[in-house]
Amino acid sequence: MSFQIEHNPIFQLAADCINYSNRSVFLTGKAGTGKTTFLKYIMQNTQKQTAVLAPTGVAAINAGGVTIHSFFQLPFGPFVPGTINHFDNNNGDATDKHHLLGRIRYNRERIQLLQSLELLIIDEISMVRCDVLDAIDTILKHFRQRHHEPFGGIQMLLIGDMFQSPPVAGEAEWKILSDFYNSRYFFDSLVMQQQPPLHIELEKIYRQSDPQFINLLNKVRNNEIDNKACKYCAVAINMDFNRKRDKVISHLPHIIILLIILMQKSCKSCRVICLDLKQRSPVSLMKNHILLKSFYN
């Protein structure tokens, strides 16, 4: 698989941009197109001083890096690019440039690392909030003493699929951030507006080979489910659970429920499946619940 991907022209173009230029890159693509493989390829083949970060612990482990907040010692509250009045109760736990830089306590090794960095990779960029990128930009400019270059002159490789998990920002946080940003997403950060990255999309899917199944996945991804897609699912799923099978499911210690909400009125062949789960069983959602805001994927 890796041999095939390495000889993918788009894959090679992205690799050349990273290895032979200082241009920041946003690498995206559907699931199974080789984004993680590209990250590992760059780590194994680049000569640049590199760090790999991700927004969550699980994503950081998968990427072979550390979390953004631990690497930069970022506060968990929102960062605002302007100056805030900390005596105003409406600002909550918000931090501005002055207070962000004032609370950071880097040792000598961390400062030297930031000054020597040439390439910063952030995986699962769809989950990274706009203000987090601006906070990173503020820190790198300060400690690298290159105040007029985005990210202090460091090349950025941002990897992720914008159809996957979005950034999480509560109502109180977004009320503060909405005065400075058009959306929660990373591409609306001020530093990205100042110098947008090169956008490269991997297109060839390696994880699946069945054209019908790939077409179904694309319809789910684009929220374009129709009757034909529903019938395809119905063939693969046994909708009639007998009591014995229900009993087994209800006693599983951990079950993942995939909730696909089909909004098209023309799709009449779909129906809701109700499963009796063991009490306190963890449930994983594909998407944040809009109405019941306490549920997140």
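All of the numbers you see were taken from the coordinates with simple rules; none came from a lab. It should be emphasised that the depicted structure is a prediction, and the values quoted were computed from it without experimental measurement. No Cβ is skipped: glycine too gets one built from the backbone with ideal geometry, and neighbour counts run over all protein chains shown.
Quick notes on this one:
- Normalised by 2.2 N^0.38 Å, where N is the number of residues, the alpha-carbon radius of gyration of the range 2-202 equals 1.02.
- Residue (of V66, P197, C130) at the positive-pole extreme of the range 2-202, dipole from beta-carbon charges: V66
- Under-5 Å amide H pairs with V25, H placed in peptide plane, nonlocal only: M156, L157, L158, L198
- Global geometry of the range 93-134, whether rounded, prolate or oblate, following the gyration tensor of its Cα atoms and the 1.5 cut on a/c: oblate
- Working note: Cα atoms of the range 129-202, range along each principal axis, descending, whole Å: 35, 34, 16.
- Relative to the globular-protein estimate of 2.2 N^0.38 Å, the Cα radius of gyration of the range 1-70 stands at 1.13.
- Ranked by the mean number of other Cβ atoms within 10 Å of their residues, highest first, the peptides 200-211, 109-120, 64-75, 24-35 come out as 24-35, 64-75, 109-120, 200-211.
- Karplus-derived HN-Hα couplings along the range 109-122 (A = 6.51, B = -1.76, C = 1.60, θ = phi - 60°), whole Hz, x at Gly and Pro: 5, 5, 5, 5, 4, 4, 6, 9, 4, 10, 9, 10, 9, 10
- Remark on F180: its backbone amide H falls under 5 Å from none of the residues 5 or more positions apart or on other chains, H modelled at 1.01 Å from N.
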